[in-house]
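Single-structure report; data block below.
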Amino acid sequence: MKVFLLQFDASELIKINNDNDLGSLFKGKSLGAVLREKEEPKKRSFTREKKSRKDDITLEIDLHIEKLVKKKGGMSNYEILTLQSETARRQLDFAIANRIPKVVFIHGVGEGVLKAELEFLFGRYDNIIVSEADYQKYGLGALQVYIKQNPKR
């Protein structure tokens, strides 16, 4: 425990015999009432921000070929890429039609061919914003698409 020594003049001090004498200093209020007035009031929030449930919805589309077909044997690279890009287009159209604000396309890391194809596909759409998806959740292999719901004309 630290002790601080303070010096005062006798004219700065007030002699009090008991707690009842304090009331005269605080205009008749008790010490407890004065202390309650000095406390900061607890903040209460009466307005609650309403969030639409659709703001929380994120449509995740995994474009790995193993997730799209049961057996990929016999498919050429061109057929695989075509199936993946068509799936992405269909799902993006679905999200736009159903007013889903955010879609994550998981394309994987690989050589970047599918990612380039997706970026080209998304470039044809107006009113969407394309960015890298959350790195902690998806790593480097995903793109996130925000769909502007009420575009200004």
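The values are calculated or read from the model by the stated rules, or taken from the named source; none is laboratory data. All values derive from a computational prediction rather than experimental measurement. Every residue, glycine among them, receives a Cβ derived from its backbone with ideal geometry; neighbour counts consider all protein chains shown. Areas reflect the complete protein model, heavy atoms only, side chains present, ligands, DNA and RNA absent. Shrake-Rupley method; radii C 1.70, N 1.55, O 1.52, S 1.80 Å.
Numbers at a glance
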| read-out | value |
| --- | --- |
| Calculated FRET value between Asn150 and Ala116, using beta carbons and R₀ = 30 Å, to 0.05 | 0.50 |
| Over the range 64-138 - Rg/Rh using Cα atoms and the Kirkwood inverse-distance radius | 0.96 |
| Accessible surface of the range 85-153, 1.4 Å probe, proportion on carbon and sulfur as whole % | 50 percent |
| Under 15 Å, Cβ to Cβ, from Ile65 - net charge with Lys/Arg +1 and Asp/Glu -1 | -1 |
